[in-house]
Amino acid sequence: MSILLLGAQGQLGWELGASLSILGRVLHFGRKQADLTQIDELEKLVRKIRPRVIINAAAHTKVDQAESEPELAQLINAEAPARLAALAREISAWLVHYSTDYVFDGQKDGPYGEEDPPAPLNAYGRSKLAGDRAIMGSGCRHLIFRTSWVFSHTGRNFPRSILELARQKDSFEVVADQYGSPTGVEMIASATALALSQALSRPENISGLYNLVADGYVDWHGYAIYVVQRALDLGWKLLARPEKIKARSADRSGRRALRPANSRLNTEKFVRTFQLSPPPWQYYVDRVIWAWTRTEKPAPPTRQMLGLRFLPPMSESHKSRP
Ligand SMILES: NC(=O)c1ccc[n+]([C@@H]2O[C@H](COP(=O)([O-])OP(=O)(O)OC[C@H]3O[C@@H](n4cnc5c(N)ncnc54)[C@H](OP(=O)(O)O)[C@@H]3O)[C@@H](O)[C@H]2O)c1
């Protein structure tokens, strides 16, 4: 079985390359080999390969930049996925795609379900929503995973920026009035492989949109404190201490794009359909900080160095399984 992976060099794409390889032959395409703004070329590529599965991990993800180039965001995040969906339908392929918490305005009290009405606050969110709708309306077999606050040990992301700041400054401010679930790419990638394997083998059509985030939630300020504390536990030399990280309101962030205050997503539909349960967000944050620690101290890791204190106890992880 051939799997066409687009956006193979992004945070998620990189991890998907590994997790999907057990399902079939993964053909990796980064932006250079498959540019989503060159839709006709993309179409030729899909027709030539005729994959059984198309995985689209490519996206215009620069949320602030998208405010000044909404047409480009629309082209990459909506028009290209719409064409991929039409092609997937034509060649009877599955299309796997990723959506975002930024399709919501964050006004809901509690986590968002798949059926909650979207109301994006920014150009990125509008373009992603248009992509979701185009795929859902296309008639192709699809899995859309709506996720949030993605991070990995590669790429630029929140934990990396916080550790850079904590190295340079003894005190700084972080937004405390936006909540969400930090979600590691390892979880999204392994969940994608497991869910896709079921989609390919189960007789009923389980096409659809599924929220997929790690368990639990936190605000950016609490997240920053957690990251700094874990790095200190692992022996990082930082100027900042958790108590010196100050909370501030998003109103004063000066960023171009508005972000939702509440980014929480309810994963019940994913858990029920696939019988899989996302672990706590801290588990993946611990792993990433440990991976960075190991790069700096390439000695064989001890369990203490691993510092995976957020491994859920066996009894608990069994309890939470459906
Ligand atoms: N990051 C988050 O916090 C977050 C949150 C919710 C949902 N998501 C969704 O999750 C998915 C994966 O995100 P990610 O965090 O892995 O993003 P990422 O690291 O920014 O990866 C996106 C990839 O798409 C590539 N790309 C951009 N424009 C392209 C084009 N015209 N043609 C082909 N490739 C192009 C980028 O290449 P360059 O590096 O060359 O630009 C990059 O390799 C996306 O659908 C995103 O919307 C992300």
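A short reminder: the numbers here are calculations on the coordinates, not readings from a lab. Note that this is a predicted model, so its numbers are computed, not measured. For neighbour counting, all protein chains shown are included, and Cβ atoms are generated from backbone atoms with ideal geometry for every residue, glycine included.
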Of the residues in segment 72-81, those that are surrounded by fewer than 24 Cβ atoms within 10 Å (Cβ to Cβ) and touching a Lys or Arg at 6+ places or on another chain (Cβ under 9 Å) number 2
Among the residues of segment 129-156, write down those that are within 11 Å of the ligand (Cβ to nearest atom), over 19 Å from residue 261 (Cα atoms) and not in a strand (DSSP E or B).
131, 132, 152, 154, 155, 156
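Which ranges mark the helices (runs of 4 or more DSSP H) fully within segment 1-74 that have 3 or more residues being more than 13 Å from the ligand (Cβ to nearest atom), farther than 17 Å from residue 98 by Cα and charged (D, E, K, R)? Working first, answer last.
Details: elements: 11-20, 39-49, 70-74.
Because the criterion is at least 3 residues that are more than 13 Å from the ligand (Cβ to nearest atom), farther than 17 Å from residue 98 by Cα and charged (D, E, K, R), the helices (runs of 4 or more DSSP H) in segment 1-74 that meet it are 39-49.
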Does segment 143-157 hold any residues that are in contact (Cβ under 8 Å) with a residue 12 or more places away in the chain and of a type in the set (Lys, Arg), and which are they?
146
Could you pull out the residue among 126, 167 that is away from the ligand (no atom under 12 Å from the Cβ), farther than 27 Å from residue 287 by Cβ and part of a helix (DSSP H, G or I)?
126
Out of the residues in segment 78-94 that are part of a helix (DSSP H, G or I), in contact with a Leu (Cβ under 9 Å, 6 or more places away or on another chain) and closer than 23 Å to residue 26 by Cβ, which is farthest from the ligand (Cβ to nearest atom)?
89
